[in-house]
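FYI, it's all coordinate maths here, none of it is from the lab. Bear in mind the structure is a predicted one, so any value in this text is a computation, not a measurement. Virtual Cβ from ideal backbone geometry, glycine too; neighbours counted across all protein chains shown.
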Amino acid sequence: MRTSRFFPIAILAVVISALAGGTLGSSLLARQDEVSTQYRIFTAALDAVGKEYVEDVQQDRLVYGAIDGMLKTLDPHSSFFDPRSYRQLRERQQGQYFGLGIQIQSIDGDVTVMSVFENSPAYKKGLRRGDVIARIKSDKPPKEGAKVDATGWQDAKGFTADDAVFHLKGPKGTTVGISIKRRGYDGLIDLEIERDAVNITTVRGAFMIDKDTGYIKLGDFSETSNEEVGAALKDLSAKGMRRLVFDLRDNPGGPLDQAIKIANRFLPKGELIAYTRGRTPNSNEEYRATDDSEYTHFPVVVLVNRSSASASEIVSGSLQDHDRALIVGETTFGKALVQSVYTIGPRSNAAGLALTTGRYFTPSGRMIQRPWDSAFDEYLTYQLRDQNSQRSHDTAELKYTDAKRKVYGGGGIEPDKFFAGPTEGFNPTRFGRTLHARQVFANFADQYMAEGDTRLGAANQNRKRLARGFQITDQMIADFKASLKTQRIVVDEAAFKQDESFILAMIHYDIDVALFGVEEARRNLIKRDPQAQFGLQQFPDAVKLTELTQARTSGGARDK
């Protein structure tokens, strides 16, 4: 299985066959001798560092760093995952694990909740972003050196995120005790939480924008994405959907097979979706739509931006090449390398090696991988650079869609209709982008509570109550500006005025996320999102593409 994202996750078995005899055998033996020599050099250096370095160093740290450095000489996406990172990736891509349903980070020695998955055990108990886990009482051995009282509570001060995760995760149905500190409340809040399956959904919103227009936000790709998109399409169709906005903005990619299956939902059986080419024969494959679909007949607008990458580009590129959807937004990231991930080490503590084994191409033959510089600096900072609708093209990269529209390879998927909007559909100034990057909107949302929410009531008595459909008031804006000063952010009034629509939208969005959930937040944001609103205005062109596609496919799918 292959993956097509920044951080790949598919597992491949490695089988090494012994070859001997003839020219091939001699060549192989010579290569083995060379590898053996280089290996001896490496182990000698490792041994010297272990014995002679001025301080004690962990051997695994040295080896992991060496592997990572080796891969960085190849390309921007070949990479190494230590056991912790590899476990996290597997959980994220599988879409499920057993625990509390929180993302945590150790900040100045405090185990801090950074986000809470909706409908998770932690969510049902009322945990919020910003809560600090001060104590833990679990069914596992205490951390070495931790302060433990007579009743088994461990002081979590000084815990790393890994330390906390070790105690918080566990089999379904078992319990763990935590004590949290919450801003604005004196004392600890003791909770006993039953561990359960935590589902990490990748569809972050699916609803009707109006009586005819459905909307699906796919924020990521995991092993459940195709199933999630299928369920969303079925639900929206039952509500009368006659056209769709498919939002792939800020989607970094994921498993290749999920991209193929999702594209298949919009394309007739037999259509080519993507193909890969590599150095070894098993890297050369074609991926076609293998199933009949119910969703090939209505107009589709696909929203993309400069952070849409990899699997997102497979979906948007295939729909563009077959004239099945109108692509709106910015030119995508341009990541068209396929990684195979090899499991390294014992299964109980396995690491992962992600190695680029091929490049993928869209149906028209576009190779959309952007070139990279030797240090990868310009390549990896692509998202920070402004775009415009005027882009130079290499004529050698010219290809044609099924309807003979011009498209170009060599640097991402270029939209049919350009509209700058790198941050939630807005194009704010440096001031607005700084506010967003520093998460000041999410911090501001911490002071509010939803009307009718009775979870942890005593701990929330000092929070301000808001109902669904609230409006941003002048007092809220004044409070927001005051909160910036407490975070040592100088308020540039001219820039604030210029970014006012963006700032108000983000205040509303993050309060919605904290109080009412991500789908409610997305539903309200779409009304203010200039890039999405521009996309809605392009449906007449999307209708024309649909008519062209239906006329063509009535005569059979194009072969490539």
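Relative to a virtual label point 7 Å from the Cα of residue 492 in the Cα→beta-carbon direction, which members of the range 427-448 show backbone nitrogen distances below 16 Å? Of the residues in the range 427-448, 427-438 have backbone N under 16 Å from the label point off residue 492.
Placing unit charges on the Cβ atoms of the charged side chains and taking the dipole of the chain about its Cα centre, the candidate lying farthest along the positive direction among 401, 540, 230 is 540. Candidate cross-link partners of residue 406 among the lysines, defined by an alpha-carbon separation under 20 Å and a same-chain spacing of 8 or more, comprise 417, 544, 560. Determine, at each q value in 0.10, 0.13, 0.19 (inverse angstroms), the log₁₀ of I(q)/I(0) that the Debye formula gives when each Cα of the range 309-415 is one equal point scatterer. Taking Cα atoms of the range 309-415 as identical point scatterers yields -0.35, -0.55, -0.99. Taking the helices alone, the chain has a mean residue ellipticity at 222 nm of -10000 deg cm²/dmol, built from -39,500 (n - 2.57) per DSSP H run of at least 4 residues and averaged over all its residues. Our Cα-only numbers for the range 430-528 put the radius of gyration and Dmax at 13.6, 41 Å. Here the range 199-231 and the range 64-114 have alpha carbon centers that stand 25 Å from each other.
Amide H contacts of residue 175 (H built 1.01 Å from N, in plane; Pro and chain starts excluded): 195 sit under 5 Å, all sequence-distant by 5 or more or on other chains. Cβ crowding within 10 Å ranks 337, 548 as 548, 337, fewest other Cβ atoms first.
Each residue of the range 293-304 was assigned a 3J(HN,Hα) from its phi angle through the Karplus expression (A = 6.51, B = -1.76, C = 1.60, θ = phi - 60°), giving 10, 8, 10, 9, 10, 9, x, 10, 10, 9, 9, 9 Hz with x at Gly and Pro.
Put simply, the amide H of residue 307, placed in the peptide plane, has neighbours under 5 Å in 250, leaving out anything fewer than 5 places away on its chain.
On the principal axes of its alpha-carbon atoms, the chain has extents of 70, 68, 47 Å, going from largest to smallest. Charge dipole (Cα centre; +1 on Lys/Arg Cβ, -1 on Asp/Glu Cβ; no other charges) of the chain amounts to roughly 680 debye. Simple spin-label estimate for residue 186 and residue 33 gives 8.0 nm between the two label positions (7 Å along the Cα-to-Cβ direction from each Cα).
Our note on the geometry: Cα centres of the range 436-503 and the range 254-296, 44 Å apart. Remark on residue 78: its backbone amide H falls under 5 Å from those of 356, a criterion applied only to residues 5 or more positions apart or on other chains, H modelled at 1.01 Å from N.
Based on Cα atoms of the range 366-453, Rg over Rh with Rh as the Kirkwood radius reads 1.15. Rounded to 0.05, the FRET efficiency of the residue 291 and residue 174 pair, given R0 = 41 Å and the Cβ-Cβ distance, is 0.55.
In order along the range 124-141, phi translates into HN-Hα couplings of 5, 7, x, 5, 10, 4, x, 4, 10, 7, 8, 9, 9, 10, 10, 8, 10, x Hz, rounded to whole numbers, per the Karplus curve 6.51 cos²θ - 1.76 cosθ + 1.60 with θ = phi - 60° and x for Gly and Pro. Here the Karplus curve 6.51 cos²θ - 1.76 cosθ + 1.60, taken at θ = phi - 60°, turns the phi angles of the range 75-92 into couplings of 6, x, 10, 5, 7, 10, 10, 5, x, 5, 4, 5, 4, 4, 5, 4, 5, 5 Hz, with x standing for Gly and Pro. Once the convex hull of all Cα atoms in the range 93-154 is built, its volume per residue stands at 125 Å³. Give me the Kirkwood hydrodynamic radius of the range 96-199, using the inverse of the mean 1/r over all pairs of distinct Cα atoms, in Å to one decimal. Hydrodynamic radius (Kirkwood, Cα pairs) of the range 96-199 is 13.5 Å.
The length gained by stretching the chain between residue 94 and residue 458 to full extension, at 0.36 nm per residue less their Cα-Cα distance, is 127.3 nm.
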